[in-house]
Structures are given as structure tokens and as C-alpha cells.
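Peer 1: Let me begin by handing over the structure; questions about it come next.
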Amino acid sequence: MRKVLTGALSLAVLIGTVGAAGATAGAATAAEPDAKSSGSAAAISGQASGKDIKDRILAIPGMSLIEEKPYAGYRYFVLGYTQPVDHRRPSKGTFQQRITVLHKDTSRPTVFATSGYHVSTNPSRSEPTQIVDGNQVSLEYRFFTPSRPAPADWSKLDIWQAASDQHRVFTALKKIYPKKWLATGGSKGGMTATYFERFYPKDMDGIVAYVAPNDVVDKEDSAYDRFFRNVGTKECRDRLQGVQREALIRRAPLQKKYKEEATAGGWTFNTTGSLDRSYEATVMDYVWAFWQYSHLSDCGQIPADARNATDEEIWNSVDGVSGFSFYTDQGLEPYTPYYYQAGTQLGSPDIKQPWLGSLSRYGYQPPRNFVPRSIPMKFDRGAMRDVDSWVKNNARQMMYVYGENDPWGAEPFRLGRGARDSHIFTVPGGNHGARVSGLVDAEKAKATAAIQRWAGVAPAAVQADPAKAKPLAKFDTRLDQRNGEIERGEEVLRP
């Protein structure tokens, strides 16, 4: 389920240290407003109320400035916020949670964006933020460094505690940003937005969740097997399966190269237990990772005749899609919180991949194999069932967007009779980067109009005719992602 991008490991390390470096670097000079921005200079600077927006934010108890970065038309702050380790027992210790604020205008709506992982310290906009031309608050998920309590009591990493983090941030900032709020996120971030709504349904005015998996019964994964039998074309499936088979057949020569790469890179394999287990985990992810973040048109890059391909061609194909550096101790460590949650509440897929026959020694390995044994784990079978039932019966102004060819969409959220003003959309041929912008025109306008209506900024023309709906802010190549692209800050492609 992971696809490692070039430079992923170094980027993960960089993001984990930016906050500390920024704390001593001092605040950057505030940006001058963009001449095309709809907000006035006073509103962007936050002086419309007679007090600078930075001062207003920092007046919140427990809020501290790490750094301010300039961006035309906005003020952008990287902040630390004091949170209880345990929201049920707030006197039992605190930790610093990293958040960012992309400030436009206190008279605009605010989008609460979560990736469910680390938070990027560079300015970016989620798609709903562009659609409503609003402010954006982004939150780093608890236990992702540096937002990790010390010492780390892993029993305090669960979906309710994380939703309570988000509730406290919202409650603190709502006094400054009084207009409507939407929550959004992609993949685990979409799950996070859903759980926030489940536990604090009065906070947000709407939810826009992208490609959010919904593993209701962890042991029942046949939906994924059906997906892989039919996704794309037979020609493409045959190519992928052929490369995957050859990678296991040629285990000995390719593991020799893996060992050389590990020695050169300083990689170790204590968490998985062996280089062999890490090698196979990478190969077993190959087909899943391709469909997660590639498109059918990319099949031409997969060796057509795997049996006659060179070892180097097989290695390069698997490495380019799955990434051999990921299942090392160094690759897994930043994502320990994800695997812990997958093995205690969220669930994880277990696909059969029958085309491999008896070539696999370990099968599709569970999350427990990717978390250090010093961290205890126990699975809660009721957590996802509770959320699933709640969404079906209580969804109000909630939207889910999936990609047709994204394996994570094989087990999606569904709306029941109790849902109101809620929607599910599917991007044709879409992958794990599916966006509203990738929908067919009629559905794109419908989704855009709903988001603007929930945020209280739908123009009169859109209220009269939703088919006229378009994003209120122009697309910015530095701030925004196009349909099919990953969220900034997600160095490793994962759920």
C-alpha cells in the first residue's frame, strides 16, 4: 500500500526537524497581500479588528509560534499548541502538537485539513479551501513526530483522543474565525475528518473526505480480491502479476542487490525481523501500489515480458512502484503511529494474490510486523463498526470522493437512510489522488456547489443553478494539487 517517492526518506527526516529549526530561526516577515486577492490588506494582516492576526492567535492559551512564512495574499504560521496526552485525564501530562494556519480573512470560512500523518510546514491549500476561497488550519496527527508525548504512552493513540485534539484546536480558533468551518482530508485524513464528525458532530458545518477507506470487519477482505480481479485491463494486470512473480522467483539474485543497497544506505531490518521479510513485503505491495498511485496509461512502463526481462528491469520496476527502502527500520519508523492504529482500530487489508501460487513465504503481512515489539497492540473490533453505523444513520452534510481504480475504495463509506444532504462521488479512472476536479462535469458542479453552500459562500448564481458552480479561488500551482496528485507532506504513499 506504499509507494516510496525519490528522496522520500530524507524528506521525512527533514519534515520531522523543520519545526525545531524554525523555532530558533525567528518569525519571517509577513507577506504583502496579492493584488488579485479578494481580501483587503487589513483583513489579511488581521488588523481589521485593531489587532494583528498573529497576536490574536498567540493570545490563545497554550499557543506558540514556531515560524511565519511569507506567501502572497496570505499569512502563514507554523504553530505549537499544548494538548493533554489524555483528554479524559487532562491533568496527567501534556505535549506540543504542531499546527499550521493559512490566514486569508476572518470574514471567510475556514477549512480544517488533516492528513492523518505529519503536517507540512510549507503553505498549501486543500481542494475545499480553494473552492470556498477560505482560511485553512492543518493539524499534525498525535504521535507523529515531533507531535509525540514523551514518554509515549501508546494506549493514548486512538481515534477519540485524536478527534479531541481537533475539537480543542477548533474551539480555540473559532473565536478568531467565526464563519463556517469544513473538515477535510485525503485517505487517512479523510478517515480522520469522519471520526472527528462522529465524535464532535456539532463542530463542523460540512465534511469533505477523499479516498477514505472503511474497513468495518478487519477479517473480511474479499472486496479487495474482487477489485484486483477486475481493475484496469487484463493486459495490464498480466504485466503487473508477471513482474511480481519474477521478483519472488528471482529472490536470491535480487536480495543480493537489496543487501548491497542496505549496506550502502545504512538500512537495518530489526522491526520486520529480516531482510527477507522486508524484501517480500515490498514485492507483495507491488500490484496494490501501482493502482493506488498510477493510472492505466502507465501500464506501458511495466515490462511486457517479465520472464525474459533482466534482473535489473525487474528490480527497477518494483523499486519504482513499491520502493525497497520503505520496509527498513529507517523507512518504517516515521509511520509507526499509522501501523499501530491499523493494528489496534483501523484495520488493514489482507489480499490473497492467487497468481503468486506458493512463491510467497509470509503472505500479506499484518501491521504487527511493522511496529516494534516493545509497543503492545490489541485490536478493538468495535471501533470501525461504530463509525460505519454512525455515518450510515447520522451523516449530515458529508461528502466522500473516491477513485474508480484506487484499491482503497474497495471498502468505502456508504450512506444509509439516516443520511441527509450527503453525497458519494467516484472519479472515473481515478487513483488515490482523486479530487472533485476529476469528476464528470455535472457531478463536479454538484459537489462544488454543495461545498460552497455548506461553507455559506455559494454565489447567488450558484444557489439558483448549481451547474454554474466553480472554485472561488484561482488554481495556484504552488498551493494546490490537481486530480491524481498526492497531498503535500505525504512523502510515502499510504492509506
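The values are calculated or read from the model by the stated rules, or taken from the named source; none is laboratory data. Since the model is a prediction, treat every value here as computed from it, not as a measurement. Neighbour counts are summed over all protein chains in view; Cβ atoms, including those assigned to glycine, are modelled from backbone coordinates with ideal geometry. These accessible areas exclude ligands, DNA and RNA; they are computed on the full protein's heavy atoms, side chains included. Shrake-Rupley method; radii C 1.70, N 1.55, O 1.52, S 1.80 Å.
Peer 1: For the stretch 166-262, what size does the Cα cloud have along each of its three principal axes, sorted from largest down, in whole Å?
Peer 2: Largest first, the stretch 166-262 extends 61, 36, 26 Å along its Cα principal axes.
Peer 1: Skip the ligands, DNA and RNA, and give the accessible area per residue of the chain with a 1.4 Å probe, whole Å².
Peer 2: About 40 Å² of surface per residue is accessible.
Peer 1: Can I ask one more? Using modelled amide H (1.01 Å from N, peptide plane; none on Pro or chain starts), what sits under 5 Å from the amide H of residue 402, excluding residues fewer than 5 places away?
Peer 2: Long-range HN contacts for residue 402: 211, 425, 426, 427.
Peer 1: While we're looking at this one, here's another question. Once phi is turned into θ = phi - 60°, what whole-Hz ³J(HN,Hα) does the Karplus curve with 6.51, -1.76 and 1.60 give for every residue of the stretch 356-365, x standing for Gly and Pro?
Peer 2: 3J(HN,Hα) across the stretch 356-365, in whole Hz: 8, x, 9, 6, 7, 8, 10, x, 7, 6.
Peer 1: For the stretch 49-185, what percent of Cα pairs sit more than 22 Å apart?
Peer 2: Of all Cα-Cα distances in the stretch 49-185, 34 percent exceed 22 Å.
Peer 1: Give, as a single signed number, the net charge of other residues whose beta carbon lies under 13 Å from the beta carbon of residue 95, with Lys and Arg counted +1 and Asp and Glu -1.
Peer 2: After counting each charged neighbour, the total is +2.
Peer 1: Same structure again: Rounded to the nearest 0.05, what FRET efficiency do residue 172 and residue 350 have when you use their Cβ-Cβ distance and R0 = 56 Å? Working shown, then result.
Peer 2: Working: r = 41 Å, r/R0 = 0.72.
Efficiency, from the Cβ-Cβ distance: 0.85.
Peer 1: Nearest 500 deg cm²/dmol is fine: what mean residue ellipticity at 222 nm does the chain get from its DSSP H runs of n ≥ 4 alone, each adding -39,500 (n - 2.57), divided by its residue count?
Peer 2: Roughly -10500 deg cm²/dmol at 222 nm, from the helical runs in the chain.
Peer 1: In whole angstrom, note down how far apart the Cα centers of the stretch 281-303 and the stretch 148-177 are.
Peer 2: Cα centroid to Cα centroid, the span is 36 Å.
Peer 1: Taking the Cα-to-Cβ direction at residue 312 and at residue 396 and moving 7 Å from each Cα, how far apart do the two end points lie in nm?
Peer 2: Each label point is offset 7 Å from its Cα along the Cβ direction, giving 6.3 nm.
Peer 1: For the stretch 78-90, what does the Karplus curve 6.51 cos²θ - 1.76 cosθ + 1.60, with θ = phi - 60°, yield as ³J(HN,Hα) per residue in whole Hz, taken in order and with x for Gly and Pro?
Peer 2: Using θ = phi - 60°, the values come out as 9, 10, x, 9, 6, 10, x, 5, 10, 5, 7, 9, x Hz.
Peer 1: On to the next question. Cα-Cα pairs above 15 Å in the stretch 376-423: how many percent? Provide the component values of the computation, followed by the final result.
Peer 2: Working: 614 of 1128 pairs.
Percentage above 15 Å: 54.
Peer 1: Once you have the Cα-Cα distance between residue 94 and residue 72, take 0.36 nm times their residue separation minus that, and quote the gain in nm to one decimal.
Peer 2: Values: separation 22, 0.36 × 22 = 7.92 nm, distance 3.51 nm.
Length gained, residue 94 through residue 72: 4.4 nm.
Peer 1: Which semi-axes, in whole Å and largest first, does the equivalent ellipsoid of the stretch 232-332 have when worked out from the alpha carbon gyration tensor as the square roots of 5 times its eigenvalues?
Peer 2: 24, 14, 10
Peer 1: Enumerate the amide H contacts of residue 94 below 5 Å, restricted to partners 5 or more residues apart or on another chain; note that Pro and chain-start residues carry no placed amide H.
Peer 2: Counting only residues 5 or more places away or on other chains, the set is 85.
Peer 1: Ok, one more. Can you give the Rg to Rh ratio of the chain, both from alpha-carbon atoms, with Rh computed by the Kirkwood formula?
Peer 2: Radius of gyration over Kirkwood radius for the chain works out to 0.97.
Peer 1: I'd like the accessible area for residue 55: 1.4 Å probe, protein heavy atoms, all chains in place, Å² to the nearest 10.
Peer 2: 80 Å²
Peer 1: Given a 1.4 Å probe and every protein chain left where it sits, what share in percent of the accessible area of the chain is carbon and sulfur?
Peer 2: Carbon and sulfur atoms account for 50 percent of the accessible area of the chain.
Peer 1: Additional query: Report the local net charge at residue 107: Lys and Arg +1, Asp and Glu -1, summed over other residues whose C-beta lies under 12 Å from its C-beta.
Peer 2: Details: positive: 104, 108, 179, 180; negative: 105, 133.
Residues near residue 107 contribute +2 overall.
Peer 1: Filter 202/444; 54/470; 156/219; 219/259; 174/219; 234/468 down to the pairs with a C-alpha to C-alpha distance above 29 Å, please.
Peer 2: Beyond 29 Å between Cα atoms: 54/470; 219/259; 174/219; 234/468.
Peer 1: If you count only protein heavy atoms and use a 1.4 Å probe, how large is the accessible surface of residue 220, to the nearest 10 Å²?
Peer 2: About 90 Å², rounded to the nearest 10.
Peer 1: Something else: Give the span of the stretch 313-421's Cα atoms along each principal axis, as three whole-Å numbers ordered largest to smallest.
Peer 2: 50, 36, 27
Peer 1: Right, another one. Spin-label point model (7 Å from Cα, Cβ direction): what's the residue 468 to residue 217 distance in nm?
Peer 2: For the pair residue 468/residue 217, the computed spacing is 4.9 nm.
Peer 1: Which residues in the stretch 410-426 have a backbone N closer than 20 Å to a point placed 7 Å from the Cα of residue 202 along the Cα-to-Cβ line?
Peer 2: Inside the label zone: 420.
Peer 1: Let me check the size of the stretch 394-483 from its C-alpha atoms; what are the radius of gyration and Dmax in Å?
Peer 2: 13.8, 41
Peer 1: Quick one: net charge around residue 84, please, counting Lys, Arg +1 and Asp, Glu -1 for every other residue with C-beta under 11 Å from its C-beta.
Peer 2: So the surrounding residues net to +4.
Peer 1: On to the next question. List the residues, sorted by chain then number, that are 5 or more residues from residue 112 or on another chain and whose placed amide H is less than 5 Å from its amide H.
Peer 2: 137, 182, 183, 184
Peer 1: Please report, in whole Å, how far the alpha carbons of the stretch 135-187 spread along each principal axis, starting with the longest.
Peer 2: Largest to smallest, the principal-axis extents are 37, 25, 20 Å.
Peer 1: Can you work out ³J(HN,Hα) from phi for every residue in the stretch 190-207, in order, using Karplus 6.51 cos²θ - 1.76 cosθ + 1.60 and θ = phi - 60°, giving whole Hz and x for Gly and Pro?
Peer 2: x, 5, 4, 4, 5, 5, 4, 5, 5, 8, 9, x, 8, 6, 8, 9, x, 10
Peer 1: Nearest 5 is fine: what % of DSSP beta bridges in the chain come out antiparallel, could you say?
Peer 2: Here the antiparallel bridges make up roughly 50 percent for the chain.
Peer 1: Just reorder 411, 404, 261 by solvent-accessible area, largest first, 1.4 Å probe, all chains present.
Peer 2: The ranking, largest first, comes out as 404, 261, 411.
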